[in-house]
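Asks: Quick one: this structure, given as structure tokens, is what I'll be asking you about.
The values are calculated or read from the model by the stated rules, or taken from the named source; none is laboratory data. Keep in mind the model is a prediction, meaning the values are calculated, not measured. All Cβ positions, glycine included, derive from the backbone under ideal geometry; neighbour counts span all protein chains shown. Side chains included, ligands, DNA and RNA excluded: accessible areas come from the protein's heavy atoms. Shrake-Rupley method; radii C 1.70, N 1.55, O 1.52, S 1.80 Å.
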Amino acid sequence: MAYLMGIDLGSTSIKAIVYDELGNAVSSGSRPTPLTYDNKSQPTWCVWEPQQIWNSVTAAVREAVSAVENAEDIKALAVTGFGMDGLPIGNDGAPLYPMISWHCPRTIPQFEEFSQRMGTEYLFKRTGKTPQAIDSIYRMIWMKENRPDVLEKTDKWLLIEDYVNFRLCGERATDYSMATTTSVFDQRTHSWFDDLIEKAGIPRSIFPEAYRSGRILGNVLPETAEETGLSPKTKVVLGGHDYICAALATGAIDPSTLLDITGTWEMLVLSTDSTEITDDLYRSGYYLEGHVAPDRCCYVGSTISGDMTEWMRKQLCGEERIIADSQGKNIWSLISDACEKSSAGSSGCMFLPHFSGACAPHFDPNSMGAFVGLHNPVTKQDMIRSVFEGLDYQFRLMMDTFNKYKLGNPQRIVTTGGAVNNSFWVQNKADVTGCRLEVPEIDEATPLGAAMTAGIGAGIYKDEYEAVNAVRRNVKVYEPNEEAHKLYDECYNDVYVKLQDALSGVNHELSRKFR
């Protein structure tokens, strides 16, 4: 029996799942991803402490391995997770500074200075990547300006997945999809942009070698085997960015299938054979990223999503939380019930989901979230529902922009991620967009995609097509409600598409004062 493991480094939890060759989950383990606010004078600054991350990884892996009769049956594993966040390590492999989280706004000044000096369009035309304040290069510039002593001691800057791979097998490397998130990587030649790195004032030597996903990095180190319960015979295979691994798991490996994955971030991903960086791609708000499937790239559009439903749960749903705790009910089921007590359009209340700035298609790190249209008839249930509607309006904006610039002609839309467990949310997304949505019967697409990548690298599967066919699942279809779509269509065109620009001046002032 051959098993495969996917380790998923999520923003809220770290999961380790063991699968058989057909993609059936055999065992799993999970631990929280601890976010640390480490600076009292800068209350919005936050980091991931490397040892805490590693402790969560080892605990999750040990829990998953403990349910497997023979650890040697786990032939290979791969790590996946969010991008951008990384840390400097010294020659001895010891962390020199915590990982600055994507939640942290400290690198906005470095992003603004460098992108203005170089030109945002110029940077995009070189890299195919829309510059964002959370990109790794701006963390490095921040380190140069604020902790030059750390940068001087740095041997390699490892992204979070790369760091976990390093702890697992001792190799300092990254893959093409993760390298994209640094904003100084060329997908056309699979090499670092030495001139951009030099202009940023960062030592070229701290960038690790970049390889194609599926490369075997080595075996689990003996000391790591002791910590985790893994076998030293288990191969560590280079994985990739979380939503790109999910694309593999859902079969989104060619231009016919558009993937919508909704978790903390919502990502639209479309496979492409092209590495051409065009004016239309720049204007679209999408960017180019490496795929975990060989010899492919993806068009990617991103926006923050689940992070705001978590805020809504904590800040607006106190009554629902009390009922859930006292009666043992599912909090999200109660939240869906609250949404059903409202109606399409939320009595005119509309939500702008820019808690972490605006991403695709109109990037603006200083945009902020807002409820608009508040008046006496608006209830708490309306406000709760408006959060989901606002996120779905943003999804439609991304979809419309994608189609406007003709980046492809997908024949189907597949959606996955934590949001698919909320049937109200998925149906509302179909109603807002007017699109048919397919939800594969996959509980955890991201770690499954990582495990499939491990299987391809280790030779369990001949190629990505064999892997996709082996784990193929049935799908649940959501068709749009025509009456609801008509109302949403009017609200979207008459109001939502204007909100970001209408609130820009006020939000920029607030951002300067409070971020």
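Asks: Have a look at S205, S177 and point out the one that is more than 25 Å from Q116 (Cα to Cα), surrounded by fewer than 24 Cβ atoms within 10 Å (Cβ to Cβ) and small (G, A, S). I'd like the intermediate steps shown before the answer.
Replies: Values: S177 fails: surrounded by fewer than 24 Cβ atoms within 10 Å (Cβ to Cβ).
That would be S205, the only listed residue that is more than 25 Å from Q116 (Cα to Cα), surrounded by fewer than 24 Cβ atoms within 10 Å (Cβ to Cβ) and small (G, A, S).
Asks: Taking only pairs six or more apart or across chains, which ones have beta-carbon atoms under 8 Å, a first residue in segment 40-55 that is more than 21 Å from K15 (Cβ to Cβ) and in contact (Cβ under 8 Å) with a residue 60 or more places away in the chain, and a second residue that is among the hydrophobic types (A, V, I, L, M, F, W, C) and in a loop (DSSP other than H, G, I, E, B)?
Replies: Final answer for the pair search is T44/C104; W45/C104.
Asks: Please go through segment 26-75 and pick out each residue that is closer than 24 Å to P95 by Cα, more than 22 Å from the chain's Cα centre (by Cα) and of a type in the set (A, V, I, L, M).
Replies: Correct list: A59 only.
Asks: Looking at (1) open to solvent by less than 40 Å² (accessible area, probe 1.4 Å); (2) part of a loop (DSSP other than H, G, I, E, B), can you tell me which one A470 breaks?
Replies: Only one criterion is unmet by A470, namely (2).
Asks: Can you give me the number of residues within segment 120-165 that are open to solvent by less than 50 Å² (accessible area, probe 1.4 Å), in a loop (DSSP other than H, G, I, E, B) and within 27 Å of G357 (Cα to Cα)?
Replies: Filtering segment 120-165 down to residues open to solvent by less than 50 Å² (accessible area, probe 1.4 Å) leaves 123-124, 127-143, 150-151, 154-165.
Subset that is in a loop (DSSP other than H, G, I, E, B): 128-135, 154-155.
Filter once more, so that each one left must be within 27 Å of G357 (Cα to Cα): 128-135.
Qualifying residue count for the region: 8.
Asks: Within segment 4-13, identify whether any single residue is surrounded by fewer than 22 Cβ atoms within 10 Å (Cβ to Cβ) and over 25 Å from S305 (Cα atoms), and answer yes or no. So that I can check it myself, show each step before the final result.
Replies: Residues of segment 4-13 that are surrounded by fewer than 22 Cβ atoms within 10 Å (Cβ to Cβ), as a first pass: 10-13.
Still in the list and also over 25 Å from S305 (Cα atoms): none.
Checked against the condition, which is being surrounded by fewer than 22 Cβ atoms within 10 Å (Cβ to Cβ) and over 25 Å from S305 (Cα atoms), segment 4-13 yields no hits at all.
Asks: Restricting segment 408-454 to residues that are in a helix (DSSP H, G or I) and open to solvent by 30 Å² or more (accessible area, probe 1.4 Å), which is modelled with the highest pLDDT? Give the derivation first.
Replies: The initial filter retains those residues of segment 408-454 that are in a helix (DSSP H, G or I), namely 418-421, 423-433, 445-454.
This time we only want the ones that are open to solvent by 30 Å² or more (accessible area, probe 1.4 Å), so: 418, 421, 423, 427.
Numbers: G418: 84, N421: 89, S423: 94, Q427: 97.
By that ranking, first place goes to Q427.
Asks: Pairs only if they're at least six apart or on different chains, beta carbon under 9 angstrom, first in segment 5-29 and in contact (Cβ under 8 Å) with a residue 60 or more places away in the chain, second among the basic types (K, R) and not in a strand (DSSP E or B); list them, first residue then second.
Replies: Once the first residue is in contact (Cβ under 8 Å) with a residue 60 or more places away in the chain and sits in segment 5-29, its partners that are among the basic types (K, R) and not in a strand (DSSP E or B) give A16/R62; G23/R472; G23/R473.
Asks: Now for a different question. If you check F355, F351, F388, which single one turns out to be closer than 21 Å to T264 by Cβ, at pLDDT below 95, within 24 Å of the chain's Cα centre (by Cα) and among the aromatic types (F, W, Y)?
Replies: Working: F351 fails: at pLDDT below 95; F388 fails: at pLDDT below 95.
That would be F355, the only listed residue that is closer than 21 Å to T264 by Cβ, at pLDDT below 95, within 24 Å of the chain's Cα centre (by Cα) and among the aromatic types (F, W, Y).
Asks: Would it be correct to say that D175 is more than 28 Å from T303 (Cβ to Cβ) and not basic (K, R)? Step through it out loud before you land on a result.
Replies: Details: more than 28 Å from T303 (Cβ to Cβ): no; not basic (K, R): yes.
For D175, the condition - more than 28 Å from T303 (Cβ to Cβ) and not basic (K, R) - is not met.
Asks: Using the structure shown, decide if Y243 is outside any helix (DSSP H, G or I) and not hydrophobic (A, V, I, L, M, F, W, C). Talk me through it step by step, then tell me what you get.
Replies: Working: outside any helix (DSSP H, G or I): no; not hydrophobic (A, V, I, L, M, F, W, C): yes.
No.
Asks: Filter segment 248-265 down to residues that are outside any strand (DSSP E or B) and under 22 Å from G457 (Cβ atoms) and give me whichever is modelled with the lowest pLDDT. Let's see the steps before the verdict.
Replies: Residues of segment 248-265 that are outside any strand (DSSP E or B), as a first pass: 248-256, 263-264.
Right, trim to under 22 Å from G457 (Cβ atoms) and you get 248-254.
Working: L248: 95, A249: 95, T250: 93, G251: 92, A252: 92, I253: 92, D254: 89.
Within segment 248-265, the match that is modelled with the lowest pLDDT is D254.
Asks: Going by the structure shown, is I202 in contact with a helix residue (DSSP H, G or I) (Cβ under 7 Å, 6 or more places away or on another chain), among the aliphatic types (A, V, I, L, M) and in a loop (DSSP other than H, G, I, E, B)? Can you show your working first?
Replies: Numbers: in contact with a helix residue (DSSP H, G or I) (Cβ under 7 Å, 6 or more places away or on another chain): yes; among the aliphatic types (A, V, I, L, M): yes; in a loop (DSSP other than H, G, I, E, B): yes.
Yes: the conditions hold for I202.
Asks: Show the residue pairs meeting these rules: Cβ distance below 6 Å; 6+ apart or different chains; first residue within segment 500-515 and within 13 Å of P105 (Cβ to Cβ); second residue part of a helix (DSSP H, G or I) and not aromatic (F, W, Y).
Replies: Short answer, once both residue conditions are applied: none.
Asks: Kindly indicate which of V220, V236 is among the hydrophobic types (A, V, I, L, M, F, W, C) and either more than 27 Å from D295 (Cβ to Cβ) or surrounded by fewer than 17 Cβ atoms within 10 Å (Cβ to Cβ) (or both).
Replies: Values: V236 fails: either more than 27 Å from D295 (Cβ to Cβ) or surrounded by fewer than 17 Cβ atoms within 10 Å (Cβ to Cβ) (or both).
Residue meeting the stated conditions: V220.
Asks: Another question, if that's okay. Could you please let me know if T379 is at pLDDT below 95, open to solvent by 10 Å² or more (accessible area, probe 1.4 Å) and polar (S, T, N, Q)? Talk me through it step by step, then tell me what you get.
Replies: Numbers: at pLDDT below 95: no; open to solvent by 10 Å² or more (accessible area, probe 1.4 Å): yes; polar (S, T, N, Q): yes.
No: the conditions fail for T379.
Asks: Given the criteria in contact (Cβ under 8 Å) with a residue 60 or more places away in the chain, open to solvent by less than 50 Å² (accessible area, probe 1.4 Å) and over 19 Å from R139 (Cα atoms), does A200 qualify?
Replies: On the way: in contact (Cβ under 8 Å) with a residue 60 or more places away in the chain: yes; open to solvent by less than 50 Å² (accessible area, probe 1.4 Å): yes; over 19 Å from R139 (Cα atoms): no.
No, not satisfied.
Asks: Take the residues of segment 389-407 that are in contact (Cβ under 8 Å) with a residue 60 or more places away in the chain and surrounded by fewer than 18 Cβ atoms within 10 Å (Cβ to Cβ): which is nearest to H291 (Cα to Cα)?
Replies: The extreme case among them is K406.
Asks: Moving on to the next point. Restricting to segment 22-65, give me the number of residues that are modelled with pLDDT of 95 or more and exposed (fewer than 12 other Cβ atoms within 10 Å of the Cβ).
Replies: Within segment 22-65, residues that are modelled with pLDDT of 95 or more and exposed (fewer than 12 other Cβ atoms within 10 Å of the Cβ) number 3.
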